[in-house]
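My questions will all concern the structure given below.
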Amino acid sequence: MRDTRAIGLFTKLSIKNQVDDLLDAFRDHFKGQTPPLTTLRQRYDLLLMKVLSSVQDGDPPLANDIASSREAIWKLLNDPTRVTSV
């Protein structure tokens, strides 16, 4: 994502902030707080759709890599030891 020219700097910063917020929500979830996992999945899916729509025309290989990694990333996010150590 950092190296692609398909999206501008401010969009990259916005996406980074949303990723950070989502990771914080996962950390809260693993501490027994809200939000529930179904809500996190919705947020994750929406964020991935935003990223894909941002890069699909300008960087098709990156869009393909993101789309094909969707479930693998989700599995990583469901691992409390990985999410809490980031």
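The values are calculated or read from the model by the stated rules, or taken from the named source; none is laboratory data. None of the values given here were measured: they were computed from a predicted structure. Because the Cβ atoms are built from the backbone with ideal geometry, glycine has one as well, and the counts that use them run over all protein chains shown.
Scan THR11, THR81 and give me the residue that is out of contact with any Gly (no Cβ under 8 Å at 6 or more places or on another chain), of a type in the set (Ser, Thr, Tyr), at pLDDT below 95 and loosely packed, with under 11 Cβ neighbours inside 10 Å.
Unique residue meeting the criteria: THR81.
Hey, which of the helices (runs of 4 or more DSSP H) in the chain, taking only ones fully inside, have at least 2 residues that are more than 16 Å from the chain's Cα centre (by Cα)?
Here the list reads 9-30, 60-68, 80-85.
Among THR38, THR4, which is the only one that is under 20 Å from VAL83 (Cβ atoms) and either surrounded by 14 or more Cβ atoms within 10 Å (Cβ to Cβ) or of a type in the set (Val, Ile, Thr) (or both)?
Going through THR38, THR4 in turn, just one is under 20 Å from VAL83 (Cβ atoms) and either surrounded by 14 or more Cβ atoms within 10 Å (Cβ to Cβ) or of a type in the set (Val, Ile, Thr) (or both): THR38.
So which of LEU62, LEU77 ends up being closer than 27 Å to ALA6 by Cα, touching a Ser or Thr at 6+ places or on another chain (Cβ under 8 Å), in contact (Cβ under 8 Å) with a residue 40 or more places away in the chain and not basic (Lys, Arg)?
LEU62
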